[in-house]
Amino acid sequence: MDDRMRILERLESGEIGVAEAVRLLETGAGPTPYPAVPVVLPAWVRRLWHLVFWPGVALLLGGGLLLAHYYAGPGATGSLITGWVLFAPGVLVTALGAWLQRAHWFSVRVQGHGQRRITLAFPLPLRPLAWLLRVIGPFVPQLRGTGVDEVLLALRDELQQGRPFTVDVNEGDSGERVQVYFA
């Protein structure tokens, strides 16, 4: 009974998936230990939303002040045009910055032979991406019947519950190491 509880606890903490837990429970085998890969986004990724949000707020305020000046009294037409040119992108950039703060991120880290590291990270809009795949699915034969949109929605649900998804490929001491994670 103790092994079954450990398997269920590992499932609850996200260390193993549902399929692995079912397999372990059916075979009666105990949990197989494997090294956990820490999922840590680079520091610049966690601060990126500031670099987008606050300039958006500045554009929003500048455009709003110009529009207020125009509509408050007899102002030049330039104030109206410039106000809207600043205000509209300010709304979009501010919304993008707010979204980046809570967005799920896809990150790939590659470490080569000479200890050279390459890290790519970008936000991944899982719900709009799943919607797009559902819309174009009937027109792309390779996507029909694959259920990729459902996989993306399941991944989004797991990430919202605080369980990141990690793939770690290590080719040994002389090889490359590739880490792919969603957080």
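The values are calculated or read from the model by the stated rules, or taken from the named source; none is laboratory data. Please read these numbers as outputs of a predicted model, since none were measured by experiment. Every residue, glycine as well, gets a Cβ built from its backbone with ideal geometry; the counts of neighbours run over all protein chains shown. In case anyone asks, the SASA skips ligands and DNA or RNA and just uses the protein heavy atoms, side chains included. Shrake-Rupley method; radii C 1.70, N 1.55, O 1.52, S 1.80 Å.
Before moving on, here are some points about what is shown:
- In this label model, residue 88 and residue 161 are separated by 4.3 nm, measuring between points 7 Å along each Cα→Cβ vector.
- Heavy-atom surface analysis with a 1.4 Å probe gives the stretch 122-183 a carbon and sulfur content of 60 percent of its accessible area.
- This model, with +1 at the C-beta of Lys and Arg and -1 at the C-beta of Asp and Glu, gives the chain a dipole about its Cα centre of some 660 debye.
- Within-14-Å neighbourhood charge of residue 155 [Cβ basis; K, R +1; D, E -1]: -1
- Averaging 1/r over every pair of different alpha carbons in the chain and inverting the result gives a Kirkwood radius of 20.6 Å.
- The residues packed around residue 12, meaning those with a beta-carbon under 11 Å from its beta-carbon, carry a net charge of +1 if Lys and Arg are +1 and Asp and Glu are -1.
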